[in-house]
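Peer 1: Before I ask anything, let me first share the structure, which is written out below as structure tokens.
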Amino acid sequence: MIRYKLVVLASVVLLSFGIVSFGREYEVASPDKNLVLKVDVEQKINYSLSYKSKQLIEPSPISLTLSGNRILGANPEVADVKHRSVDEQIIPPVRIKSKVIADKFNEMSIEFKGGFGLICRAYDDGAAYRFVTDIDGQIEVVAEEATFNFTGNHAIYFPEEESFQTHSERDYKYLKLGEISEKMMCSLPALVEVQDGPKVLITEADLEDYAGMYLRGDGNESLYGKFPAFALAERARNDRDVPVTKRADFIAKTNGRRSFPWRVLIVADKDGDLIESQMVYKLAKPLQLDDTSWIKPGKVAWDWWNYNNIYGVDFRAGVNTETYKYYIDFAAKYGLEYIILDEGWYVLGDLMKVVEGMDMEELFRYAKSKNVGIIPWVIWKTLDDQLEVAMDQFEKWGAKGLKVDFMQRDDQWMVNYYHKIAKETARRHMLVDFHGSYKPTGLRRAYPNVISREGVRGLENCKWGDAANPEYNLTIPFIRMVAGPMDFTPGAMVNAQKRNFQPIFNRPMSLGTRCHQLAMYVVYESPLQMLADSPSNYLKERECMKFLARVPTVWDETKVLDAKVADYVLVARRNGDEWYVGAMTDWTARELTVDFSFLGPGRHRIIIYQDGINADRLGNDYKRVTAKVTAADKMKIKLAPGGGWAAIIK
């Protein structure tokens, strides 16, 4: 049995006792002393945040309102204040950015009279606070006051939402805080550019038995938390869309003795620091599983994006046993761990009714003989309606995981649904990949079988529009990916520049170059990484498959070499004794410099995939070259518009 490891290097707890009525200021600083979070206790509780002596957040009121107009934060009286410093190492069962995570922070816990408290943490790369309650029985949280009073009319990347029924796949509008009205709201994460200062990413962590947080404005320089109220009634439009039709006058009904979600502010001097941050993971609930040895990241041959367009075969392609045996053979040939059976394998509305032409027992037998796992796709509602019988069937077949789709909500009930499915799949040793989902908040730390999730505008959007374009692709590593892994589903082998792109649902192509797609496997984090195109196309692209078959999906070390939000990124990642480097650019062609100082001593062989000389005309154009490099070398690389660059170094 393999158990989760937590290595404690140092932990110092300092206590201070006393009861204070009003008018006191308390603070906690980051280990490097650059970041200071202050809490003012007067008639209300206000927090503020500064970084390198520059004020980022001015005093901002926070509170919880319970039923009966009981406001936790009104006329508060401090009963006790405790401080502690922690310096630990976390060894994650599934390595996203690194094999070891340094968890170093200072914490301040303020206990108030009346059965509640506030915990504040300061890391070198950000700060967070959360409420805790110690109240008998159930409580109803009517409202939460979460305020972010910024110091100026800064710019923000604002993923505006139209309602709480959302896939969380919005465009990042580049606005000024003052342009955001009370009627406008966005999902998280959102990124604020402090003028003449760092960037501040707002998100949340350890969301459980509570509603997800959104942000609204007020036409000034502040942002406010906004929450979907508890769902009292809902109406199914079809098998997947189940919007709420009636809401309660409270956010959540929950246990009175609990910790509430962290409100997270990640502070980044350099844009690349956002990609390296692991703060959401560190704030999440620790591992809840005794055995994680069965959790296996890997790559997936995916059917839905390429519309099962296989060719050069003697059978009719489609949702049938022969087609999926072809996918299995392709996966086995290149050492891909999984295939997905996406929409079409069952009669919608009934997971127990397999469509004609699909012999599931034979497919699972065949896949097992080839050492390839099968991950079926399911609609969340159908799975919920048939949970026990369906899970028994998946377990009997030998499914290695589930792709659960179309939740589109994060009210309290739906948040709890994610936890239920995480536990149920873990109990049966299955992975789960959530699609149609809200952003990650750290569930993967408690249940590492939550291997990836969507909540991102992925490659599928190229089937019906141009929204998954290089400008968007160079924004998400700095915002959405900071919250956790994202199943973007890269791998297109038909690649187009703007002027020759067409959204064709059943013959899709990508925006940007071939190397833009290859670089995503290094830049984008997802322990379950898709190969979205047709196996028939990949079999014609042997040089690209040498890269795709070899590139890992988990990493021992990550170093961002150069980066600018929405413009370009250059990142190096290590797995074992191999380094992988990925570079991507938006629609602007540019030159970047790769500094190889991260390498160890000696000469290293590098295999490079670079945009071809005509990639600005034909996105498919690329060139594969080999060379030798040392830690003292620097290399200039050229990226076409919407271009990329990928390399393997050993």
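The values are calculated or read from the model by the stated rules, or taken from the named source; none is laboratory data. Quick caveat: nothing in here was measured; it's all calculated off a predicted structure. Neighbour counts run over all protein chains shown; Cβ positions are idealised from the backbone, glycine included.
Peer 1: Within the stretch 173-191, can you find the residues that are buried (at least 24 other Cβ atoms within 10 Å of the Cβ) and either assigned to a strand (DSSP E or B) or touching a His at 6+ places or on another chain (Cβ under 7 Å) (or both)?
Peer 2: Those that are buried (at least 24 other Cβ atoms within 10 Å of the Cβ) and either assigned to a strand (DSSP E or B) or touching a His at 6+ places or on another chain (Cβ under 7 Å) (or both): Cys186, Leu191.
Peer 1: So which strands (runs of 3 or more DSSP E) are wholly in the stretch 548-635 and hold at least 3 residues that are among the hydrophobic types (A, V, I, L, M, F, W, C) and under 30 Å from Pro159 (Cβ atoms)?
Peer 2: 557-564, 568-575, 578-585
Peer 1: Within the stretch 442-479, how many residues are over 30 Å from Phe260 (Cβ atoms) and in contact with a strand residue (DSSP E or B) (Cβ under 7 Å, 6 or more places away or on another chain)?
Peer 2: 8
Peer 1: Identify all residues within the stretch 328-348 that are assigned to a helix (DSSP H, G or I) and either surrounded by 19 or more Cβ atoms within 10 Å (Cβ to Cβ) or modelled with pLDDT under 95 (or both); write none if there are none.
Peer 2: Selection gives Ile328, Phe330, Ala331.
Peer 1: Separate question: Within the stretch 547-554, identify whether any single residue is out of contact with any His (no Cβ under 6 Å at 6 or more places or on another chain), charged (D, E, K, R), modelled with pLDDT of 95 or more and surrounded by 18 or more Cβ atoms within 10 Å (Cβ to Cβ), and answer yes or no.
Peer 2: The answer is no; no qualifying residue exists.
Peer 1: Checking the conditions here, which among Arg130, Arg84 is over 30 Å from Pro477 (Cα atoms), among the charged types (D, E, K, R) and touching a Ser or Thr at 6+ places or on another chain (Cβ under 8 Å)?
Peer 2: Arg84
Peer 1: Something else: Tell me which residues, restricted to the stretch 237-295, are crowded, with 16+ Cβ neighbours inside 10 Å and among the β-branched types (Val, Ile, Thr).
Peer 2: Val242, Val244, Ile251, Thr254, Val264, Ile266, Val267, Ile275, Val280, Thr292, Ile295
Peer 1: With the condition kept exactly as written, say whether any residue in the stretch 534-544 is buried (at least 16 other Cβ atoms within 10 Å of the Cβ), free of Cβ contacts under 8 Å to residues at least 24 places away in the same chain, under 28 Å from the mean Cα position of the chain (by Cα) and closer than 30 Å to Trp304 by Cβ.
Peer 2: no
Peer 1: Under 7 Å between Cβ atoms, which residue pairs at least 6 apart in sequence (or on different chains) link something in the stretch 510-522 that is outside the structural domain of Asn495 (by TED's automatic domain parsing) with a partner that is in a helix (DSSP H, G or I)?
Peer 2: No pair meets every condition.
Peer 1: Within the stretch 487-503, how many residues are outside any strand (DSSP E or B), touching a Gly at 6+ places or on another chain (Cβ under 7 Å) and surrounded by fewer than 24 Cβ atoms within 10 Å (Cβ to Cβ)?
Peer 2: Looking only at that region, the number is 2.
Table: residues versus (1) at pLDDT 95 or above; (2) surrounded by 20 or more Cβ atoms within 10 Å (Cβ to Cβ); (3) under 29 Å from Thr254 (Cα atoms).
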| residue | (1), (2), (3) |
| --- | --- |
| Asp392 | yes, no, no |
| Lys400 | yes, yes, no |
| Lys420 | yes, no, yes |
| Leu431 | yes, yes, yes |
| His435 | yes, yes, yes |
| Lys439 | yes, yes, yes |
| Leu459 | yes, yes, no |
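Peer 1: Please list, ordered by residue number, the helices (runs of 4 or more DSSP H) wholly in the stretch 380-462 having 3 or more residues that are over 16 Å from the mean Cα position of the chain (by Cα) and more than 21 Å from Trp294 (Cα to Cα).
Peer 2: 380-385, 387-397, 412-427
Peer 1: Hey, another quick one. Hey, among the residues in the stretch 194-217 that are of a type in the set (Asp, Glu) and buried (at least 16 other Cβ atoms within 10 Å of the Cβ), which one's farthest from Ala467 (Cα to Cα)?
Peer 2: Top of the filtered list is Asp209.
Peer 1: Those residues that are surrounded by 17 or more Cβ atoms within 10 Å (Cβ to Cβ) and out of contact with any Phe, Trp or Tyr (no Cβ under 8 Å at 6 or more places or on another chain), I need them from the stretch 581-593; list them, please.
Peer 2: Trp587, the sole residue that qualifies.
Peer 1: What's the total number of residues in the stretch 226-278 that are of a type in the set (Gly, Ala, Ser) and part of a strand (DSSP E or B)?
Peer 2: Total meeting the criteria: 6.
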